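The values are calculated or read from the model by the stated rules, or taken from the named source; none is laboratory data. Worth saying up front: this structure is predicted, and the values here are computed from it rather than measured. Heads up, the Cβs are rebuilt from the backbone with ideal geometry, glycines too, and the neighbour counts pull from every protein chain shown. Protein only, heavy atoms only, side chains kept; ligands, DNA and RNA dropped before computing areas. Shrake-Rupley method; radii C 1.70, N 1.55, O 1.52, S 1.80 Å.
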Amino acid sequence: SLLRPSLLPGFLQTVQYTIDQKNHSFAAFEIGRIYFEQKEKKIELPMAGIFLTGKARPHHWDQKPSDFDFYDLKGILENLFESLNISDISFHAAMHPSFHPGRQASIYLKDLPVGSFGEVHPNLLAPLDIKQRVFYAEISLNPLILLDKSPIIMKPLPQFPSSERDWTIALAKKMSVEQVLKTLKNFSSPLLEKIELIDRFVSETQNVTFRFTYRDPLKTISFEEVEAEHTRLMQNVLATLQ
């Protein structure tokens with residue numbers, strides 16, 4: 001009864017106190033332990049918690065202020081895992097009661113759930129009189145610490161120019177972009193250097209646009225090489241998604 005099963009309640013008290021001090025835009029993290037009982041066994045886990053609230057971009061003469069959102073937090077998590085050299089991370093839709101429905105996700109390391117994140121449910125904010133949106137992530141550290149990570153390999157800066165291609169794919173509303181990205185990343189190519197999601201438009205279906213960067217490390221890549229590799233990629237992805 002005295003040990004915390006989550007870092008979230010402490011974070012919300014911090015948010016409440018900080019807003020009461022007239023500071024409405026801030027972010028913080030904590031590394032601490034949580035405790036729970038599983039099959040009559042006491043479990044103690046090291047966790048990392050991150051929260052964001054208020055303005056991601058403050059008032060500025062050149063840019064309009066904007067609020068933190070779900071994707072700001074997702075980007076922080078992606079940068080964190082990349083800096084730790086952890087590549088087998090994926091995000092899946094979730095229904096955790098602490099988060100707003102439709103604005104949350106579970107974090108998986110391969111097939112192992114290691115955390116969750118999203119917009120904190122208004123029902124948790126109301127008792128603390130928090131009237132602004134709060135975004136929170138909680139990650140279990142043990143699987144990340146014990147992970148046998150591949151060594152970091154340093155590469156020289158590219159000496160030859162790249163070539164880019166954009167591709168817009170029409171998807172069913174229920175299909176996740178994460179599934180398409182996973183298929184794209186599994187595509188084996190010596191010339192494909194980078195994949196970026198640059199646009200998403202949702203109506204009766206959803207249209208997502210990806211940008212692909214191709215480069216040959218040994219010479220200037222030709223138009224014909226890029227076209228052939230890009231065509232091979234599109235055919236492979238379409239066959240996989242059918």
Scan of segment 196-242 for residues that are without any contact (Cβ under 8 Å) to a residue 40 or more places away in the chain, within 25 Å of residue 156 (Cβ to Cβ) and outside any loop (DSSP other than H, G, I, E, B), ordered by number: 196, 225
Answer from 177, 114 - the residue that is of a type in the set (A, V, I, L, M), surrounded by 11 or more Cβ atoms within 10 Å (Cβ to Cβ) and closer than 26 Å to residue 211 by Cβ: 177
Top-ranked residue in segment 180-195 [being loosely packed, with under 13 Cβ neighbours inside 10 Å and not in a loop (DSSP other than H, G, I, E, B); ranked as nearest to the chain's Cα centre (by Cα)]: 182
Any hit, segment 223-234, residues being within 20 Å of residue 176 (Cβ to Cβ) and not aliphatic (A, V, I, L, M): no
Qualifying positions in segment 196-234 - within 20 Å of residue 172 (Cβ to Cβ) and not aromatic (Phe, Trp, Tyr): 197, 199, 200, 202, 203, 204, 205, 206, 207, 208, 209, 234
Total residues in segment 190-212, condition among the aromatic types (Phe, Trp, Tyr) and farther than 20 Å from residue 228 by Cα: 1
Evaluation of residue 106 against (1) farther than 15 Å from residue 50 by Cβ; (2) open to solvent by less than 70 Å² (accessible area, probe 1.4 Å); (3) more than 11 Å from the chain's Cα centre (by Cα) (one fails), failing number: (3)
Residue 147 under 30 Å from residue 7 (Cα atoms) and either charged (D, E, K, R) or open to solvent by less than 60 Å² (accessible area, probe 1.4 Å) (or both): yes
Tally, over segment 61-84, of residues that are open to solvent by less than 50 Å² (accessible area, probe 1.4 Å) and under 20 Å from residue 147 (Cβ atoms): 2
Of all residues making up segment 1-43, the number that are of a type in the set (S, T, N, Q) and part of a strand (DSSP E or B): 1
Candidate set from segment 150-174 (those that are modelled with pLDDT under 85 and closer than 30 Å to residue 204 by Cα); member that is surrounded by the most Cβ atoms within 10 Å (Cβ to Cβ): 173
Filtered residue count, segment 140-159, keeping only those that are in a helix (DSSP H, G or I) and of a type in the set (Val, Ile, Thr): 1
Some residue of segment 211-233 being open to solvent by 30 Å² or more (accessible area, probe 1.4 Å) and closer than 28 Å to residue 68 by Cβ: yes
Matching residues in segment 23-51 - criterion: being open to solvent by 80 Å² or more (accessible area, probe 1.4 Å), closer than 24 Å to residue 73 by Cβ and charged (D, E, K, R): 33
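Conditions tested, residue by residue: (1) of a type outside the set (A, V, I, L, M, F, W, C); (2) in contact (Cβ under 8 Å) with a residue 40 or more places away in the chain; (3) touching a helix residue (DSSP H, G or I) at 6+ places or on another chain (Cβ under 9 Å); (4) over 25 Å from residue 131 (Cβ atoms).
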{"site": "55", "(1), (2), (3), (4)": "yes, no, no, no"}
{"site": "58", "(1), (2), (3), (4)": "yes, no, no, no"}
{"site": "63", "(1), (2), (3), (4)": "yes, no, no, no"}
{"site": "69", "(1), (2), (3), (4)": "yes, yes, no, no"}
{"site": "85", "(1), (2), (3), (4)": "yes, yes, no, yes"}
